[in-house]
Amino acid sequence: MAAPPPSQFYPTLFIFLLRLSLLHATPAPPNNHPDLHPLLSFKSTADFSNTLSSWTNSSDPCNNSTAFYGVVCLHNRVTSLVLEGLNLHGRFDSLTSLVKLRLLSLKRNRLTGPIPDLSNLKSLKLLFLSYNQISGAFPPALPSLFRLDLSYNNISGDIPPTINRLKQLLTLRLEENQFSGTIQFLNLPNLMDVNMSKNNITGEIPASLSGFPESVFLNNPGLCGSPLPKCTRHETPSPVVPSSPTSLPSTAAVPDKRISGNRRGGGKMSTVVVVTIIIGDVLVLALVSLLLYCYFCRKSPGKLINGKEEGKRVCTAMMMTPATANSSFEKGRMVFFDGTRRFELEDLLRASAEMLGKGGLGTAYKAVLDDGNVVAVKRLKEVVIGGGKREFEQQMEVLGRLRHTNVVSLEAYYFAKDEKLLVYDYMTNGNLFWLLHGNRGPGRTPLDWSTRLKIAAGAARGLAFVHTSGNTHKLTHGNIKSTNILIDKSGNACVSDVGLSAFTPTTASPRSVGYRAPELSSATNRKSTQKSDIYSFGVLLLELLTGKCPSMVDDGGVVDLPRWVQSVVREEWTAEVFDLELMSFKDTEEEMVGLLHIALSCTSVAPDQRPDMSQVVKMIHDIEGVEMSPRSDMPDSTSNSPSVIEA
């Protein structure tokens, strides 16, 4: 019988077998992420300097611990690829397989060849290819694009009419290329930023682009029309009937010699007749001018642009005539809340004023007093006061003591049988509605993300202060909407018209339907609560995020904003809800999504599922990265007892 092997043999055998098994072991399966192969294929052909060293076959491009440089993912798919100034060469055809891509930026590299077919990238919103050596023709239209930057390349050929399919396009940068042909057909309704300078474009600039500055069209030798010099017409006039007086043939301005000859032969009109005609014309013109002035001064609210009145209309004695003042103000009184008698009632009536707008409760004016002080005056109408004068005064005493940086201060009020006036601090920068929706189009300065977030935070603080200021009962606002969020000279958002909804007739039709909480929709329940205020504030946040009005017109009719946003978010296209103007601001999507979640929680159908305003303030401050002070919602100052002045 053979002797057993020595004891040291077994460890040696084990190690040998282990090594043998490792030699024949099946290699680990490769990473099967659907976006890995297109990325590595691009790296192998474009990254000669190995700048993208973090892109390896064993890594997951959407794993945070092994993140690929320049790659951002959403739902485990690559949605953003930013590779700028990395000395990348060649073509980028392989990137067209990243079908969930929303942002592609390859600026300042050395890419060549024509732009590949990007039609697979149906989610692409932002495409930046400037400062490369790309040639070929203009790429096929991608209707979903918001920004397109092809500047500083060698792209040639005509700009195709299919570009008009880019209805959502905000930016079109084509400067420093070799584009040719005409652009008269160009019609991009949302375009805000364009540059076509230093190309070979010819023909007339279309009216849709005439509002942009001259610099964006320079160095195109054959280009003409506003804002460049007028086009010179050499072609034969078209037989088409002219559409405007300016297109009439020039012969229309040449006097007919036969007519002038007949007039000379008919004798001259007497001097008396000529003088009479002139005087009559002057009198008629003066009368018409006076009538027009009175009509527009008294009736027209003016068109507000960015919170200011266009075509400033100034009137005196804005609210009533002296006769009316003597009768209806006979037994009224003026009450000031700061203890200082700043002006008399007659001073207010004598002030020059501009109409700021009309609302459900009355008309607002900007009044400039003789001493130069400026106040905002609201003349109430159609108010219902169940308890009469005493109830009105009690409500004014509550509102007059509200003092907070983010609440418009009620400085004084006037009460009489037929007239009720409220005097507020004047806010110089208009209201949120016109900042968001006014003057959309070329030349508009977009409301940037940081400003919107600041406005949201300020309005939240103001409303939270209102909700915590009631002594014996919960104070509500009752009419939160973008026209009631005013902006002061420092850019702070201030809540206005606090507590005035208490005087709205219960039979009146709601004027702010889009902001109205579902529980207030019935005819029997229209009394606002703090929870209905929070719903309205949630709609306000959605308005800030989407740039859309609270009541939207859709193919199926009128759709309220919260329902539309929820339907989009359910389809996992969250980014689609955001305002087009916000797409140019980098590194803000996380903050926008955070504010969107707050807005959706505020607009919950069930009131008890909505957060309190103090919680909303904290959540917005968390997005801002601001530490909340324990006394952040305390009043800035406490008003003195009202100073009562008999009128």
Within the stretch 606-616, considering residues that are without any contact (Cβ under 8 Å) to a residue 40 or more places away in the chain and part of a helix (DSSP H, G or I), the one nearest to the chain's Cα centre (by Cα): Q615
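Counting only residues that are of a type in the set (S, T, N, Q) and over 30 Å from the mean Cα position of the chain (by Cα), give me the strands (runs of 3 or more DSSP E) lying completely in the stretch 106-191 with at least 3 of them.
Per the criteria, 178-182.
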Go through (1) under 27 Å from S450 (Cβ atoms); (2) at pLDDT 70 or above; (3) assigned to a strand (DSSP E or B) for M552 and report which single condition fails. (2)
Return a yes/no flag: does the stretch 452-461 have any residue that is surrounded by fewer than 23 Cβ atoms within 10 Å (Cβ to Cβ), at pLDDT below 90 and either assigned by TED's automatic domain parsing to the domain that holds K548 or not β-branched (V, I, T) (or both). no
What number of residues within the stretch 200-220 are part of a strand (DSSP E or B) and small (G, A, S)? 1
Positions within the stretch 35-78 being small (G, A, S) and part of a loop (DSSP other than H, G, I, E, B), in sequence order: S49, S53, S54, S58, S59, A67, G70
If only one of T506, T472, T524, T529 is among the polar types (S, T, N, Q) and either touching a Gly at 6+ places or on another chain (Cβ under 7 Å) or at pLDDT 85 or above (or both), which one is it? T529
Failed item in (1) modelled with pLDDT of 80 or more; (2) in contact with a Pro (Cβ under 8 Å, 6 or more places away or on another chain), with K358 passing the rest: (1)
Mind listing whichever residues of the stretch 54-103 are under 29 Å from L580 (Cβ atoms), of a type in the set (G, A, S) and either touching a Lys or Arg at 6+ places or on another chain (Cβ under 9 Å) or not assigned by TED's automatic domain parsing to the domain that holds K43 (or both)? S80, G85
Hits in the stretch 555-605 (condition: over 21 Å from L453 (Cβ atoms), assigned to a helix (DSSP H, G or I) and modelled with pLDDT under 75): R570
With respect to E175, determine if the residue is charged (D, E, K, R) and surrounded by 17 or more Cβ atoms within 10 Å (Cβ to Cβ). yes
Considering residues of the stretch 404-414 that are touching an Asp or Glu at 6+ places or on another chain (Cβ under 7 Å) and at pLDDT 90 or above only, the residue surrounded by the fewest Cβ atoms within 10 Å (Cβ to Cβ): T405
Within the stretch 109-116, is there a residue that is within 17 Å of A575 (Cα to Cα) and in the same structural domain as L209 (by TED's automatic domain parsing)? no
Only one residue in N177, N190, N219 is more than 20 Å from R147 (Cβ to Cβ) and either assigned by TED's automatic domain parsing to the domain that holds S151 or without any contact (Cβ under 8 Å) to a residue 12 or more places away in the chain (or both), so which one is that? N219
Take the residues in the stretch 111-125 that are among the hydroxyl-bearing types (S, T, Y) and over 15 Å from N153 (Cα atoms); name whichever of them is surrounded by the most Cβ atoms within 10 Å (Cβ to Cβ). S123
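Only one of L422, L435 is at pLDDT 85 or above and farther than 30 Å from L191 by Cβ; which?
Working: L435 fails: farther than 30 Å from L191 by Cβ.
None of the other options fit; the residue is L422.
The values are calculated or read from the model by the stated rules, or taken from the named source; none is laboratory data. From a predicted model like this one, the values you see are computed outputs, not experimental measurements. For neighbour counting, all protein chains shown are included, and Cβ atoms are generated from backbone atoms with ideal geometry for every residue, glycine included.
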